[in-house]
1. Would you mind telling me which numbered condition in (1) touching a residue at least 12 places away in the same chain (Cβ under 8 Å); (2) over 27 Å from Gly393 (Cα atoms); (3) more than 16 Å from the ligand (Cβ to nearest atom); (4) open to solvent by 10 Å² or more (accessible area, probe 1.4 Å) Gly96 fails?
2. Keeping to the stretch 173-194, report how many residues are more than 20 Å from Ser149 (Cα to Cα) and surrounded by fewer than 22 Cβ atoms within 10 Å (Cβ to Cβ).
3. Among the residues of the stretch 166-194, which ones are out of contact with any helix residue (DSSP H, G or I) (no Cβ under 8 Å at 6 or more places or on another chain) and among the β-branched types (Val, Ile, Thr)?
4. Across the stretch 234-272, which residue is farthest from the chain's Cα centre (by Cα) among those that are among the aromatic types (Phe, Trp, Tyr) and more than 14 Å from the ligand (Cβ to nearest atom)?
5. Can we say Asp340 is assigned to a loop (DSSP other than H, G, I, E, B) and charged (D, E, K, R)?
6. Going through Ser352, Ser358 one at a time, which residue ends up being under 21 Å from Glu250 (Cβ atoms) and in contact with a strand residue (DSSP E or B) (Cβ under 6 Å, 6 or more places away or on another chain)?
7. Can you tell me which residues in the stretch 71-106 are closer than 22 Å to Arg268 by Cβ and aromatic (Phe, Trp, Tyr)?
8. State yes or no: is Leu163 within 22 Å of the chain's Cα centre (by Cα) and more than 16 Å from the ligand (Cβ to nearest atom)?
Amino acid sequence: MRKLILLAMMSLLFVAPLAGQEPTVVIRTGMLLDGKGGVQRNVNIVVQGSKIVKIAPQTGPPTYDLRTLTILPGLIDTHVHISYHFGQDGRASNRGETPAQEAYYTAENAYATLMAGFTTVQSVGAAADLPLREAIARGSLPGPRILTSIRQVNENSGAPEQLREVVRKLKAEGADVVKIFASKSIRDGGGQTMTDEQLTAVCGEAKAQGLRTMVHAHAAEAIKAAVRAGCGQIEHGVFVDDEALKLMAERGVYFDPNIGVVLQNYLRNKSRFLGIGNYTEEGFAYMEKAVALNNAMIKKAVATPGLKLVLGTDAVAGAHGRNADELIARVREGNQKPLDAITSATSLAAKSLNLENSVGTLAPGYEADLIAVDGDPTRDITALTRVVFVMKGGKVYKNAR
Ligand SMILES: [Zn+2]
């Protein structure tokens with residue numbers, strides 16, 4: 001009898017920890033890219049709850065057999081504007097729109113982005129990002145993990161002391177990053193706008209508050225000023241020169257050139273933007289020229305030793321869900337190796353967001369953010385536009401096999 005009780009207790013001991021565990025999902029893979037440049041073949045990914053618990057040679061029947069596809073970490077876009085959309089009149093001006101309408105358009109963009117295989121995005125510059133971040137984090141609205149700057153800081157945001165206050169306020173409101181405009185728009189020539197003192201105030205205070213910074217800068221001088229001011233990441237960089245590229249590499253500043261999505265999107269949707277603000281004929285002429293400048297620039301950036309190139313698209317209205325086009329341009333125009341391009345959109349992008357221990361890599365302990373694409377993107381980068389399976393945090397959002 002005693003033995004029986006003991007046995008019963010022992011079996012309870014063995015069962016008890018399992019009782020509270022979430023169901024195990026096993027994904028069979030053929031080719032797996034781990035996000036750090038590594039390639040594995042014929043392994044199973046074991047997912048429990050939201051996390052990867054094991055990657056091991058295959059045994060037992062899988063929950064999902066994805067052998068014919070290529071598995072990689074969910075992609076990360078460090079620069080989008082997730083709320084930007086064309087309104088009911090088809091235009092980007094969104095005149096007369098209610099907050100509820102804006103919210104639904106924003107949710108649609110988030111869905112399109114997730115379906116395109118992007119499981120984390122950093123959205124830089126709209127108050128609507130914040131409730132979206134919370135809604136997606138609650139788990140019932142399908143969309144990528146969102147990080148946001150809530151607003152943008154520019155040369156008119158105040159003197160250095162006021163700028164420090166602005167940064168502290170952003171921190172208190174829950175911003176993940178500070179978005180700074182150090183230069184004019186490419187439609188207005190791209191020259192430096194903020195003073196060195198303003199940049200030092202914003203990026204210095206952000207560092208003190210534990211906030212990352214990303215700086216819109218086209219002119220080489222604006223880029224150098226931002227790097228010297230201690231800012232963390234540079235966006236666009238159409239007019240970057242060799243000195244600025246070298247300086248970013250030396251200081252470990254991330255560079256996020258946006259060469260394959262945003263300008264092409266403006267040009268493709270010209271009639272939807274033309275006449276709004278600086279979207280003039282002259283502005284469009286600048287953008288057309290910038291496409292060629294970008295194609296020359298990206299080759300130099302890719303060839304700069306030690307430069308940390310992260311993936312960002314600057315996706316605006318019309319571009320959500322086409323984010324992977326940026327990776328195609330990196331490879332086709334910039335001669336970047338496909339595996340390096342993928343790393344820039346996975347583990348390196350995660351590192352730029354201080355998320356390198358939770359997303360961007362396929363390994364035990366990481367969030368189960370993974371996608372499967374039709375084809376081998378190391379041979380044909382366009383495979384990244386053929387996303388057929390999306391899992392985020394262990395939950396399957398797309399399974400179009
Ligand atoms: Zn932007």
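The values are calculated or read from the model by the stated rules, or taken from the named source; none is laboratory data. Please read all numbers here as calculations on a predicted model, not as lab measurements. Here Cβ is always computed from backbone atoms with ideal geometry, including for glycine, and neighbour counts include all displayed protein chains. Note: accessible area is taken over every heavy atom of the protein model, side chains too, but ligands, DNA and RNA are not part of it. Shrake-Rupley method; radii C 1.70, N 1.55, O 1.52, S 1.80 Å.
1. Exception for Gly96: condition (1).
2. Within the stretch 173-194, the first condition is being more than 20 Å from Ser149 (Cα to Cα), and the residues that meet it are 186-192.
This time we only want the ones that are surrounded by fewer than 22 Cβ atoms within 10 Å (Cβ to Cβ), so: 187-189, 191-192.
Count: 5.
3. The answer is Val177, and nothing else.
4. Just the residues of the stretch 234-272 that are among the aromatic types (Phe, Trp, Tyr), to begin with: 239, 254-255, 266.
If we keep only those that are more than 14 Å from the ligand (Cβ to nearest atom) too, we end up with 239, 254-255.
Values: Phe239: 23, Tyr254: 13, Phe255: 13 Å.
Among those that are among the aromatic types (Phe, Trp, Tyr) and more than 14 Å from the ligand (Cβ to nearest atom), it is Phe239.
5. Working: assigned to a loop (DSSP other than H, G, I, E, B): no; charged (D, E, K, R): yes.
Spelling it out, it is not the case that Asp340 is assigned to a loop (DSSP other than H, G, I, E, B) and charged (D, E, K, R).
6. Details: Ser358 fails: under 21 Å from Glu250 (Cβ atoms).
Going through Ser352, Ser358 in turn, the sole match is Ser352.
7. Those that are closer than 22 Å to Arg268 by Cβ and aromatic (Phe, Trp, Tyr): Tyr84, Phe86, Tyr105.
8. Working: within 22 Å of the chain's Cα centre (by Cα): no; more than 16 Å from the ligand (Cβ to nearest atom): yes.
So Leu163 fails the test.
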